[in-house]
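In what follows, a structure is listed as structure tokens, so that the remarks can point back to it.
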Amino acid sequence: MTGTTGNRIRLFGLIGSLSRASRSLAVMRGIAGSVPPGVEIDAFAPDLPLYNQDNDNTQAAPPVHQFRRALHHSDGLLIVSPEYNHGIPGVLKNALDWASRPIEASSLANKPALVISNSTAYTGGARAQSQIHTTLLAAGARIVPGPEVVIGKVHEKIVEGYLIDRHTIDFAVDAIGRLVHMIEHARLPAGSLHCLYDRQTPSAARR
């Protein structure tokens, strides 16, 4: 994990919308105030040029290099996204395409990732979340296991640019806790899990 600084955990918060009044940004803001101590979320709106392999070189636009560098040096990826036309927003797909290249140095390779989708519909953007997972897996990211976080009727849970629904925030923060656990697990030195198993498992169970 390249983003580790002491025990602090830095999450790259990728917003799936460019709107100034983005509900996804409001969700990110509301969640950020309740994450565990030592966890930081750096929000990023993916205002990047359209991916073009012809421009994917050292002359790529500066925002692309900045985006890749920040993602690479983070400990984990937190995506908060709306659903557009039953699918992944174009700006988010474009950002993930940039992040996945070049293949041998992908910023998504082995990156722990959590997706939170939202929608004004009851479904909460579940179809977009499924498509985002597919793209992340194809790029080599590691998706956090457990219940998916989908926020339905999101417009009823935001006040003055912040998600305020306590139940929703707590559910999302629990998922971020699983993301943090995955990151901390990856920090353990080789052999530590074996030693932990030996200490905690009765000898009769190790036959």
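Can you confirm whether residue 117 is surrounded by 17 or more Cβ atoms within 10 Å (Cβ to Cβ) and over 21 Å from residue 51 (Cβ atoms)?
Answer is yes for this residue.
Could we say that residue 110 is free of Cβ contacts under 8 Å to residues at least 12 places away in the same chain and either of a type in the set (S, T, N, Q) or surrounded by fewer than 24 Cβ atoms within 10 Å (Cβ to Cβ) (or both) here?
Judged against the criteria, residue 110 is not a match.
Identify, by number, the condition in (1) open to solvent by 10 Å² or more (accessible area, probe 1.4 Å); (2) touching a residue at least 12 places away in the same chain (Cβ under 8 Å) that residue 159 doesn't meet.
Of the numbered conditions (1) open to solvent by 10 Å² or more (accessible area, probe 1.4 Å); (2) touching a residue at least 12 places away in the same chain (Cβ under 8 Å), the odd one out for residue 159 is (2).
So which of 25, 18, 14 ends up being among the aliphatic types (A, V, I, L, M) and open to solvent by less than 20 Å² (accessible area, probe 1.4 Å)? Steps first, please.
Details: 25 fails: open to solvent by less than 20 Å² (accessible area, probe 1.4 Å); 18 fails: open to solvent by less than 20 Å² (accessible area, probe 1.4 Å).
Within the list 25, 18, 14, the selection yields 14.
Within the group 174, 165, 170, 75, which residue is closer than 16 Å to residue 12 by Cβ and of a type in the set (D, E, K, R)?
75
Assigned to a helix (DSSP H, G or I) and either touching a Cys at 6+ places or on another chain (Cβ under 7 Å) or of a type in the set (Val, Ile, Thr) (or both) - does that describe any residue in the stretch 106-122?
Checking the stretch 106-122: not a single residue is assigned to a helix (DSSP H, G or I) and either touching a Cys at 6+ places or on another chain (Cβ under 7 Å) or of a type in the set (Val, Ile, Thr) (or both).
List the pairs whose first member sits in the stretch 164-186 and is without any contact (Cβ under 8 Å) to a residue 40 or more places away in the chain and open to solvent by less than 10 Å² (accessible area, probe 1.4 Å), whose second member is assigned to a helix (DSSP H, G or I) and among the basic types (Lys, Arg), and whose Cβ atoms are under 8 Å apart, counting only residues at least 6 apart or on separate chains?
Note: no pairs meet the criteria.
The values are calculated or read from the model by the stated rules, or taken from the named source; none is laboratory data. Remember, predicted model here, so these are calculated numbers, not experimental data. Positions of Cβ are generated from backbone atoms using ideal geometry, with glycine treated the same way; all protein chains shown enter the neighbour counts. Note: accessible area is taken over every heavy atom of the protein model, side chains too, but ligands, DNA and RNA are not part of it. Shrake-Rupley method; radii C 1.70, N 1.55, O 1.52, S 1.80 Å.
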